[in-house]
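One structure below.
The values are calculated or read from the model by the stated rules, or taken from the named source; none is laboratory data. Since this is a predicted model, take the numbers as computed values, not measurements. Note: ideal-geometry Cβ built from the backbone for every residue, glycine included; neighbour counts use all protein chains shown. Areas reflect the complete protein model, heavy atoms only, side chains present, ligands, DNA and RNA absent. Shrake-Rupley method; radii C 1.70, N 1.55, O 1.52, S 1.80 Å.
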Amino acid sequence: MKRTLAALAILTILVAGISYGVANLCVRRVAAGGGVVDLSDAAWLKRELKLTDAQGAEIDKLNKEFGARLGRCCDDHCSARIALGQELAKPQVDLTKAAACVDRMTAAQSESERATLDLILRVRAVLTPAQQQQYGALVSKQVCMAGPMGMRQP
């Protein structure tokens, strides 16, 4: 009986160790380059695409404009979300008001997606054809791997 318990304990430790090792390996692979990058990181983009100083400056300018535009979208979305929360906290919810808040949130999200598309197209216009091809691959990877609310492609 003692031998069986000892063997079971050793087997459990061995399986746990192997599971930890496999999980750790998978996490490290994703972190090493399989994950999604932040394409608005101008320094990284400059290194990755080998941008000239003029290209880098133009992309910095575009990113600042994008940040301001996205900030307005976030403000609009948060405002509508707060109004929705206040409406939902009432004893009797006015469905018309709640739906209007959701419509405002949806409009803000739509505007942020349009702003993102606009930025991508404007950045591409600054790049050489070879850089455009590389940038397109990076954007495609990001679009396919990252989604709202952690949604993933099946």
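Rounded to the nearest 0.05, what FRET efficiency do LYS97 and ALA68 have when you use their Cβ-Cβ distance and R0 = 41 Å?
On the way: r = 29 Å, r/R0 = 0.72.
With R0 = 41 Å, the Cβ-Cβ based efficiency is 0.90.
Can you pull the accessible area of ILE120 for me, 1.4 Å probe, Å² to the nearest 10?
Rounded to the nearest 10, the figure is 40 Å².
Find how many whole Å separate the alpha carbon centroid of the range 103-117 from the alpha carbon centroid of the range 38-60.
Taking the Cα centre of the range 103-117 as reference, the centre of the range 38-60 is 25 Å away.
Once fully extended, how much extra length lies between ASP41 and LEU88, figured as 0.36 nm per residue of separation less the alpha-carbon to alpha-carbon distance?
Full extension of this stretch gives 13.1 nm more.
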